[in-house]
Amino acid sequence: MTEPAPVPDSAPVADSAPVPDSAPVADSAEVPDTAAAAAVAEVAETAEIAGRLRLAIQHLLPVLRARSAPGDLTPSRQAALAALAAHGPLRISELAARMGIALSTASRMVDLLDSTGWIARHPDPQDQRASLVALSREGGAVLEARRRETAARLAERIALLTDGEQRALYAALPALEALSERAATYPGELPRGI
């Protein structure tokens, strides 16, 4: 049995496992903050997702906005009908806030929708001076027909995807739906009195 070679007096003594000769020894100021690096990578990834999603939506909008009869159901009027369908009778000010448009714009839109018979106005039971606007039966039918039409056009495009792409799109739906729900909420608190 051979004895281990003596350790020279100049050799450093370590408390832990030896560091291999190939491992670089860095000054603590040179060691990157892994948490900060991960945060930067996450922000970059989020920005990439946002940019790619924005571009995909931008390319899909013409498919979703293509119109058949009735031609006077513009995207903004459709959005107003959809807001009324989702949130029930609203004051014009509430509709404007939900759509992110000026009160005067919402008022003109309500007048146009009322003239088509797609909405109905009712007195506000909490304030008889104000009125509530609600989706009429005819407005609901127009909105549902448009939704079926757009879903059919979108389904045609989805059918062109590979099976793997369709599965990936299906798997992404919960995240897209959550994003949509959060985007549909008020960007801030409603002004008092609304």
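The values are calculated or read from the model by the stated rules, or taken from the named source; none is laboratory data. Predicted model only: the values in this text are computed from it and were never measured. A quick note on method: Cβ atoms are made from the backbone with ideal geometry, for glycine too, and the neighbour counts reach across all protein chains shown. For accessibility, only protein heavy atoms count, side chains too; no ligands or nucleic acids. Shrake-Rupley method; radii C 1.70, N 1.55, O 1.52, S 1.80 Å.
Take 119, 49 and sort them by solvent-accessible surface of the protein heavy atoms, 1.4 Å probe, largest at the top.
Largest to smallest exposure gives the sequence 49, 119.
Please report the accessible area of residue 99 (heavy atoms, 1.4 Å probe, ligands and nucleic acids excluded) in Å², nearest 10.
Residue 99 exposes around 50 Å² with every protein chain in place.
Using mean Cβ contacts within 10 Å as the protection proxy, how do 39-47, 150-158 order, highest first? Can you show the working numbers first?
Details: 39-47: 10.2, 150-158: 12.1.
Peptide ranking by packing, descending: 150-158, 39-47.
May I ask you to evaluate 6.51 cos²θ - 1.76 cosθ + 1.60, the Karplus curve with θ = phi - 60°, for each residue of segment 123-133 and list the ³J(HN,Hα) values in order in whole Hz, giving x for glycine and proline?
Taking θ as phi minus 60°, the curve returns x, 6, x, 8, 8, 5, 6, 9, 10, 10, 10 Hz for segment 123-133.
Take the Cβ-Cβ distance between residue 40 and residue 179 as r, set R0 to 22 Å, and report the resulting FRET efficiency rounded to the nearest 0.05.
Result of the calculation: an efficiency of 0.45.
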